[in-house]
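Heads up: the structure comes next, in structure tokens.
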Amino acid sequence: MKPILGIVGGIGSGKSYVASLFAKLGGYVIDADRLGHLALLNTEVKKQIKEQWGDAVFNDKAEVDRKKLASIVFDDSREKARLESMVFPFISQGMLDAIHQHQSDGRVKFFILDAAILLETGWKEHCDAIIFVEASEGTRLKRVAGRGWTMEELRRREASQWPLERKKAACQHVIPNEGDEVLTETLVKGLVNQYARQ
């Protein structure tokens, strides 16, 4: 089995950027967020969502309106748990399918599991090591401001995840991502040498 490295960090820490650095060095990136979006297009998942919340969370094209759904589940732990029970099995299966599909691909030396809630789910059990991507709150706010988020929105969304210090303590490695690209790339290369040496 090829090594599987998990990536976690605060919102706006630059997890996707760090994942892209690993990809350049032979890693195959499995993006849990993208799988989550695909889950909302799945016929069975959509059926479950409609049974739970009705037509109010669908648009005129009969697709899930993610903003409307988020407004319901983000501030209600019970509703959030209901949605997770619908989409997590789809995401988990997508991860396992990707790993199985690319095990024999000689171009893939290892896997990167980019999942914001890796530690909150059972997905961490698939990983040989977990990496915490670290950036200050100010840096993260600047990055998410481009999405139109305020500090309040950033904190509201992070409140549904483990506190950052708890996440960091659960990881085997920390990669700072404050803008020093040389340092970040050097640390990424070091981890590739450690876990994916052929």
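Return the single residue from Glu178, Glu153, Glu134 with maximal mean-square fluctuation; model: Gaussian network over the chain, springs between Cα atoms under 10 Å.
Greatest mean-square fluctuation among the candidates belongs to Glu153.
Using the Cα centre of segment 65-195 as origin and beta-carbon charges of +1 (Lys, Arg) and -1 (Asp, Glu), tell me which of Trp149, Trp123, His100 is placed farthest towards the positive end of the dipole.
Trp149
If you fit an axis through the alpha-carbon atoms of helix 15-24 and take the longest principal axis of the Cα set of the chain, what angle between them do you get, 0 to 90°, nearest 10?
Compared with the principal axis, the helix lies near 50 degrees.
Rounded to the nearest 5, what is the percent of antiparallel bridges among the DSSP beta bridges in the chain?
On the way: 1 of 19 bridges.
If we restrict to bridges inside the chain, about 5 percent are antiparallel.
Please identify, among Ala170, Ala39, Ala62, the residue showing maximal mean-square fluctuation in a Gaussian network model of the chain using a 10 angstrom Cα cutoff.
Evaluated over the chain, the most mobile residue of the options is Ala62.
Once the Cα atoms of helix 43-53 and of the chain are each reduced to a long axis, what angle between those two axes, in degrees from 0 to 90 to the nearest 10, is obtained?
Once rounded, the angle reads 50 degrees.
Rounded to the nearest 20 debye, what is the charge dipole size of segment 40-111 about its Cα centre when +1 sits on each Lys and Arg Cβ and -1 on each Asp and Glu Cβ? Walk me through the intermediate numbers first.
Details: 12 positive and 12 negative charges, 34 e Å.
Rounded to the nearest 20 debye, it is 160 debye.
Can you give the angle from 0 to 90° between the axis of helix 77-102 and the longest principal axis of the chain, with both taken from C-alpha atoms, to the nearest 10?
That works out to roughly 40 degrees.
For segment 110-198, just list the percent of Cα-Cα distances falling in each 10 Å bin from zero outward, please.
The distribution over segment 110-198 is 14, 42, 35, 9, 0, given as percents.
Please give the contour-minus-distance gain from Ser85 to Arg166: 0.36 nm per residue of separation, less the Cα-Cα distance, rounded to one decimal in nm.
Values: separation 81, 0.36 × 81 = 29.16 nm, distance 2.37 nm.
Separation in residues times 0.36 nm, less the Cα-Cα distance, equals 26.8 nm.
Rounded to the nearest 20 Debye, what is the dipole magnitude of the chain about its Cα centre when Lys and Arg each give +1 and Asp and Glu each give -1 at the C-beta?
Rounded to the nearest 20 debye, it is 200 debye.
From Cα pairs below 8 angstrom and at least 6 apart in sequence, can you work out the relative contact order of the chain, rounded to a whole percent?
After rounding, I find 40 percent.
Where does the charge balance sit around Ala170 when Lys and Arg score +1, Asp and Glu -1, over other residues with C-beta under 13 Å from its C-beta?
+1
Please list, or write none, the lysines whose alpha carbon is within less than 27 Å of the alpha carbon of Lys15, excluding same-chain residues fewer than 8 places away.
Here the lysines satisfying the reach criterion relative to Lys15 are Lys2, Lys24, Lys67, Lys68, Lys80, Lys109, Lys124, Lys142, Lys167, Lys168, Lys189.
Which residue fluctuates most in the GNM of the chain (Cα springs below 10 Å): Asp114, Asp31, Asp60?
Asp60
Read-outs: derived from the displayed coordinates by stated rules, not from any lab. Computed from a predicted model, the values in this text were never measured in an experiment. Backbone-built Cβ (ideal geometry, glycine too); neighbour counts: all protein chains shown.
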